[in-house]
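Remarks on the structure that follows.
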Amino acid sequence: MLCCGLAASLLLFTCATAAARGPRYYRFGVLPLQSPTMLAGMFLPLTDALQHALHRPVEFVTAPNFASFMRRVRRHEYDIIYLNPLLYTRAHRWGYHVIVKVAGEPFTGILVVRRGSPIHALVPGRLPAGLRIGFPDPNAYAATIMTRQFMQARGIHVNRDMKVKYFGSQDSALMAVYYGMVDIAGTWPPSLRSMPRNVRHSLRVIAQTPPQPQMPIAVRDSMPAPEVRRIRRLLTHLTATADGREVLHHLGFSRGFVAARNSEYRGVKP
């Protein structure tokens, strides 16, 4: 369950048009926030919409982990990317620029426990000894970096006071709490909402971090300007049609996307 067989699963979830690659097709790289199955269910409808807007094949791809995803970004293996605000600051240095960001909901990290857990707040000195905390990946901005900073600011030293485990994806970290493998997990609201109802209702949020700039979608600097405009227009107008709202339903972003600028991410730091 916890990302076993990941490499094999990646091969199963690409656009059908990838088999007929021509000289000019685009690769849409999605940060492995969740399992390949979960990401495919979320992003394949959007990939299909991009194909229709651009009149060319678009392939949905992800990676086994954050580090390998960013290596591919650095090598320009993706034409369009969806990733977290912190990793975007690196991608920008490597030749990508933001065109839109998720609209509406603040970008925050949350800490969750099982509903019956005795932990109701993060108070130094009042937490049980030997707590186990799970995160998706060391580079998960909201789920790991922001929640760790949040606890550190309150006098809770994660590495000293807790046993840390990484599970590779947001849903795997949440399932680890659900099955009692850890006592607390760092994640972000969209991942919690995407879990099966019985899992979602068995978990409880005990803390939420201050917000940061939202998740961006960026494109290679070398992409032709007319195609960039088509992508931006598609993404910012998804709420205007029934088909677009269906795409957003799969993504879990009810308010869609809004145009974004590189300057919004200059203050994002680890």
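Just one of the listed residues (F253, F257) is in contact (Cβ under 8 Å) with a residue 40 or more places away in the chain, farther than 21 Å from R27 by Cα, surrounded by 15 or more Cβ atoms within 10 Å (Cβ to Cβ) and not acidic (D, E), namely F253.
Each row is one residue, and each column tells you yes or no for (1) over 19 Å from D221 (Cα atoms); (2) touching a strand residue (DSSP E or B) at 6+ places or on another chain (Cβ under 9 Å).
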residue: F43; (1), (2): yes, yes
residue: D48; (1), (2): yes, yes
residue: Q51; (1), (2): yes, yes
residue: A67; (1), (2): yes, no
residue: R75; (1), (2): no, no
residue: N84; (1), (2): no, yes
residue: W94; (1), (2): no, no
residue: K101; (1), (2): no, yes
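The condition of being touching a His at 6+ places or on another chain (Cβ under 7 Å) and small (G, A, S) holds for only one of G186, G168, G244, G267, that being G244.
Scoring I217 on the criteria (1) in contact (Cβ under 8 Å) with a residue 60 or more places away in the chain; (2) assigned by TED's automatic domain parsing to the domain that holds T147; (3) surrounded by 15 or more Cβ atoms within 10 Å (Cβ to Cβ) leaves a single failure, condition (2).
Yes or no, residue by residue, for (1) in contact with a helix residue (DSSP H, G or I) (Cβ under 7 Å, 6 or more places away or on another chain); (2) among the β-branched types (V, I, T):
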{"site": "R71", "(1), (2)": "no, no"}
{"site": "W94", "(1), (2)": "yes, no"}
{"site": "T108", "(1), (2)": "yes, yes"}
{"site": "L111", "(1), (2)": "yes, no"}
{"site": "A121", "(1), (2)": "no, no"}
{"site": "V164", "(1), (2)": "yes, yes"}
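Scanning region 172-194 for residues that are among the hydrophobic types (A, V, I, L, M, F, W, C) and surrounded by fewer than 20 Cβ atoms within 10 Å (Cβ to Cβ) returns M181, L192.
The values are calculated or read from the model by the stated rules, or taken from the named source; none is laboratory data. What you see is a predicted model, and the numbers here were worked out from it, not measured in a lab. Cβ atoms come from the backbone with ideal geometry, glycine included; neighbour counts cover every protein chain shown.
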